[in-house]
Amino acid sequence: MILENNKEKIKVRFAPSPTGDPHVGGIRTALFNWLLARKEKGQFILRIEDTDQERYQADSVENIKKSLEWLGLNWDEGPYFQSKRTEKYQQAAQELISKEKAYYCFCSKQRLEKLRIRQAENKKPPKYDKHCLKLSPDEIKEKINQGEKYVIRLKIPEKGTTEFKDSIRGRVKFENQVLDDTILLKSDGFPTYHLANVIDDHDMGITHVIRAEEWLPSTPKHILLYQALGFEPPWFAHLPLILGRDNKKLSKRHGSVSILQYKEDGYLPAAILNFLAFLGWNPKTEKEFFSRSELIEAFSLNGVNKSGAIFNLDKLNWLNGYYIRQMDPQELKRVGEPFLKKEFKQIANEKNIDLVKLWEMSADRINTLKEINKLCDFVFEPKDYLPEILIPRKSNKTQAIKNLKLVESKLKDLSEKDFKADYLRDLFLNYIKENNLNTGELLWPFRVALSGKRASPDVFDMSELLGKELVLKKIDMAMDKLNIL
Ligand code: GLU
C-alpha cells in the first residue's frame, strides 16, 4: 500500500473511552486497525480516551486490555492515557486562542439551555450562537480576573465548506454553517474528545484514523482543528454501522453482549475474529473461514463497505461450532476445561471419565464450549426423562421394548475390552444391514436410554464413555419406564 500522505509506515490506533465494557462495535474497530497495521508492517497503538471524568468506569481499562489480549490484538505502544496529558491540551487551546482560531466562552448553563429551547421551538438544530465571540479583549480579561468560569470554543468559519477524503466513503463535504463552535476545553480544565483526539493523533504520528461511522460528523471539526494548529491531517476511514437483523442500531436486544461475555460463554477467539472481520469487510471471494494470518493477508480498506453490517448471532454460533470441530480432541479438552461445571469435573475425576472422549463425542453438537454441560449432563448426574421420548416417531411402545431387549442381548456378552465405539458401531450397523432393520427404530431407544434426551451425542461414543455396566443399567431402567407407561 502506498501511503497517500507519503509517510513511511502506517500507524493506527484504537482509542476507546473507558466508559464501560468493550462491545462488538469497539472491538471491530480495534480489529480493523490491527489488521491494517499487521498487514502493512506498521504500528498499532492503544490510547485510552479518559477525558470524560463523569462517565469514567473503573474496571473499563482493564476490560479493554483483557478483551484485546484474549483476541490476540497486541498493541505496539501504550496504553497512553489522555488524563495524563492535560497540560498539552491546555497549551494547544491557548495557542488556538492566540491565533484567534478559538475563543473564551463564559455563557452560563442557564443561558445555553434557554438558547437550546428557543432553537428547538424554531425547529433549528442546537448550535452555539457565538455570543462570546463579541467580547472585547478587556472584557475577557476582566471576567477571567474575576474568576468567572469559562470554556474554550473552536471558532468555526461561518461560510465555506470543509472537505476531506474518506478511504471508505470517498470525498465527504460539510457546509461550515451547520457545524457548531464546539467546546475544546471544559471549565474544569479538561479537554473535550475533539481537542485531545486531534492533538494526540498528531503527536503520536497516526497516519490513518479508522473509526466508527458515528464519528463522521465530528471529522470536519477535526479537519478545521488540524488546519488551525498547522498540522497535516491523517487519512480517515469511517467503518459502517453495525445493525441488528431488524436494521436498527445494534443493542443487547440483538444478542450483542460485551466481548468478555462471549469469552465466558465459550466462544473461541478464532471464531470471534472471523465473525468481526465480516462486519463490514468483504474479501470479494466466496471464502468464509479466515484464520488470523489469512485475515491479515486478505484485509484492505478497499474491501470495507459503506452500508451497515448486519450482526447475526446465528452466524457467530455457526462459526464457533466450526472452529470447535476443527480442534483436535486433546486441545479441545484443554481449552474446554474451564467451561465444564466444577461438580462435573469432580465426578469425572472420581469416576475416571475420559474427558478427551467426552469432548470428542460432543464436538459435533455444540456451538459454544459451555453447551457441553447441557448436552452431557446425563454423564454426570442421574437424568429423569419422560418414557414417551424412548419411542421413535412412527413406532410404538412394544417395538421400542423389543428393540431395547435386542440391544441388551447383543451387549450382554461383550467384554469390557470390546466396549469401544468403533467396535460397537461395526457390530450394530452390520447387524442392521444383515437383518434389513430400520436403523433409527433400533438405535433411537438405545440412544435415549443412555442420554435421557432427544438430542445427544452418538450412541456408540456414549456407550464407550459410560462403560458396559452403566449402559446395561440404563437400558434396564428404560425398559422399566416403558413397561409402566
Ligand atoms: N474515544 C472515541 C471512542 O470511544 C474514539 C473515537 C476515535 O477513534 O476518534 O470511540
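Every number in this text was worked out from the coordinates using simple rules, so none of it is lab data. Predicted model, so just to flag it, every value in this text is computed and none were measured. With ideal geometry, Cβ positions are generated from the backbone for all residues, glycine too; neighbour counts draw on all protein chains shown.
Quotient of the Cα radius of gyration of the range 1-72 and 2.2 N^0.38 Å, N being its number of residues: 1.23.
If you average the sequence gap of Cα pairs under 8 Å that are 6 or more apart and divide by the length of the range 82-204, what percent do you get for the contact order? Once divided by the residue count of the range 82-204, the mean separation gives 30 percent.
Taking the Cβ of each residue in Val178, Val448 as the centre, tally the other Cβ atoms inside 10 Å and list the residues starting with the fewest.
Ordered by Cβ neighbours within 10 Å, fewest first: Val178, Val448.
The Kirkwood hydrodynamic radius of the range 251-408, based on inverse pair distances between different Cα atoms, is 18.7 Å. The fewest-to-most ranking of Arg253, Arg169 by surrounding Cβ atoms within 10 Å reads Arg253, Arg169.
Considering only Ser256, Gly230, Gly205, and ranking their Cα positions along the charge dipole of the range 203-258 that arises from unit charges at the beta-carbon of Lys, Arg, Asp and Glu, the one farthest toward the positive end is Ser256.
With the Kirkwood sum run over all distinct C-alpha pairs, the range 421-465 has a hydrodynamic radius of 10.8 Å. Unpaired Cys in the chain, meaning no second Cys C-beta under 4.7 Å: Cys107, Cys376. Its Cα gyration tensor gives the chain an equivalent ellipsoid; the semi-axes, largest first and in whole Å, are 64, 22, 20. Sorted fewest first by neighbouring Cβ atoms within 10 angstrom, Ile347, Ile117 come out as Ile117, Ile347. Converting phi to 3J(HN,Hα) with the Karplus coefficients 6.51, -1.76 and 1.60 and the offset θ = phi - 60°, the range 41-48 yields 6, x, 10, 10, 10, 10, 10, 8 Hz in sequence order, with x at every glycine or proline.
Every pair of different Cα atoms in the range 180-333 enters the Kirkwood calculation, which places the hydrodynamic radius at 18.3 Å. Computed about the Cα centre, the dipole magnitude for the chain is approximately 1260 debye when only Lys and Arg (+1) and Asp and Glu (-1) carry charge, each at its Cβ.
The largest-to-smallest principal axis extents of the Cα set in the range 401-485 are 32, 28, 25 Å. Can you tell me the alpha carbon radius of gyration of the range 97-215 divided by the globular rule-of-thumb value 2.2 N^0.38 Å? My calculation over the Cα atoms of the range 97-215 gives 1.22. Cross-link check: pairs Lys123/Lys248; Lys143/Lys186; Lys333/Lys370 evaluated at a Cα-Cα cut-off of 19 Å; pairs beyond the cut-off: Lys123/Lys248. Scanning residues 5 or more positions from Leu239 or on other chains, those with amide H under 5 Å from its amide H are Arg211, Ala212, Glu213, with H placed 1.01 Å from N in the peptide plane. Debye-formula intensities of the range 342-485, expressed as log10 I(q)/I(0) at q = 0.15, 0.20 Å⁻¹, are -0.75, -1.31 (one equal scatterer per alpha-carbon, no solvent). What is the sum of charges, Lys and Arg at +1 and Asp and Glu at -1, for the other residues whose Cβ falls under 15 Å from the Cβ of Ala92? Charge balance near Ala92 sits at +2. In the range 205-321, Cα pairs under 8 Å separated by at least six residues give a relative contact order of 31 percent. Across the chain, Cα pairs under 8 Å and at least six residues apart give a relative contact order of 13 percent. Would you compute the Debye intensity of the range 27-114 from its alpha-carbon atoms alone, equal scatterers and no solvent, and pass along log10 I(q)/I(0) at q = 0.11, 0.19, 0.22 Å⁻¹ to two decimals? Taking Cα atoms of the range 27-114 as identical point scatterers yields -0.52, -0.96, -1.08.
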